[in-house]
Amino acid sequence: MTLPILNSSPKYEMTIPSIGESVRFRPFLIKEEKSMLIAAESGDNRTILNSLLDTLKACVDAEINETKLTTFDIEYMFLQLRAKSVGETTKVGIKCEACDHTNALDVNLSEIEINKPDESNNIIKLTDDISVELGYPSFSDLLNSGIDSTGMTSAENLFKMINYCFKTVMTKDEKFNLKDHSLEEITNFIDSLDTAQFAEIRKFIDNIPRIKQDFEIVCTECGHVTKNRLEGMANFLS
């Protein structure tokens, strides 16, 4: 007779932001938590992202396809999973703007939402004859690109992200699927944009959905009120 297996059935539901599909999931178990801790100790960004993805695949009762789900899908789903696994409230350290004292902010992870913009704005007219269709990068793009998952903190990250957002280039006579073209060709096309054209592309990049929450906290040391925003998964898990 074999020992029973505990906590193996899905208990909760969440909705995948980009497609609006509801999926069932169970909290992560010690075996998954152990794997994530080992990945975190490695300090390697790709290892950490792969461990996060493996945990979602183990806990969600549906196919998790990293080539189709967006970066913000995975961020949101993991936060919901963590909320049901180790507690819906987490403490985040916030430094006071006035005295640099670190204050503890309680954040309810189950209340974090993704506001998905209107995708009708993903076609950008560059000239009278040429338009581009943009799309959100997939989690697989993030894994393969080396983009820093904590946010676009450098020009290099920004340009890598732009490469993965370009889907098609359209002229009056042709439509070019950029999957059929090399990264070098895409980069050369982007490099040929002028400042005004690039600004329109940048607007789309800046509005890619992310998990975020505004906060206001009173410093326990000096009484200064700090108002700011937590954005990106790393800030909610600090």
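Between a residue in segment 75-96 that is at negative phi and any residue that is assigned to a strand (DSSP E or B) and among the charged types (D, E, K, R), which pairs come within a Cβ distance under 7 Å, given they are 6 or more apart or on different chains?
From segment 75-96, the pairs are Thr89/Asp106; Lys91/Asp106.
Go through Ala62, Ala39 for me and flag whichever is in contact (Cβ under 8 Å) with a residue 24 or more places away in the chain and either hydrophobic (A, V, I, L, M, F, W, C) or part of a loop (DSSP other than H, G, I, E, B) (or both).
Values: Ala39 fails: in contact (Cβ under 8 Å) with a residue 24 or more places away in the chain.
Of the residues listed, the single one that is in contact (Cβ under 8 Å) with a residue 24 or more places away in the chain and either hydrophobic (A, V, I, L, M, F, W, C) or part of a loop (DSSP other than H, G, I, E, B) (or both) is Ala62.
Output the residues belonging to segment 94-113 that are in a loop (DSSP other than H, G, I, E, B) and either at pLDDT below 90 or in the same structural domain as Cys165 (by TED's automatic domain parsing) (or both).
Hits for segment 94-113 are Ile112, Glu113.
Looking at Lys116, Lys91, Lys84 in this structure, which one is among the basic types (Lys, Arg) and in a loop (DSSP other than H, G, I, E, B)? Show your work before the answer.
Working: Lys91 fails: in a loop (DSSP other than H, G, I, E, B); Lys84 fails: in a loop (DSSP other than H, G, I, E, B).
Exactly one residue qualifies, and that residue is Lys116.
Is at least one residue of segment 185-193 more than 27 Å from the chain's Cα centre (by Cα), farther than 30 Å from Lys91 by Cβ and not assigned by TED's automatic domain parsing to the domain that holds Met77?
Of segment 185-193, the ones more than 27 Å from the chain's Cα centre (by Cα) are 192.
Cutting the leftovers down to farther than 30 Å from Lys91 by Cβ gives us 192.
Now restrict to residues that are not assigned by TED's automatic domain parsing to the domain that holds Met77: 192.
Yes: one or more hits.
The values are calculated or read from the model by the stated rules, or taken from the named source; none is laboratory data. Note that the coordinates shown come from a computational prediction; the quantities given were computed from them, not determined experimentally. Using ideal geometry, Cβ is built from the backbone for each residue, glycine included, and neighbour counts are taken over all protein chains shown.
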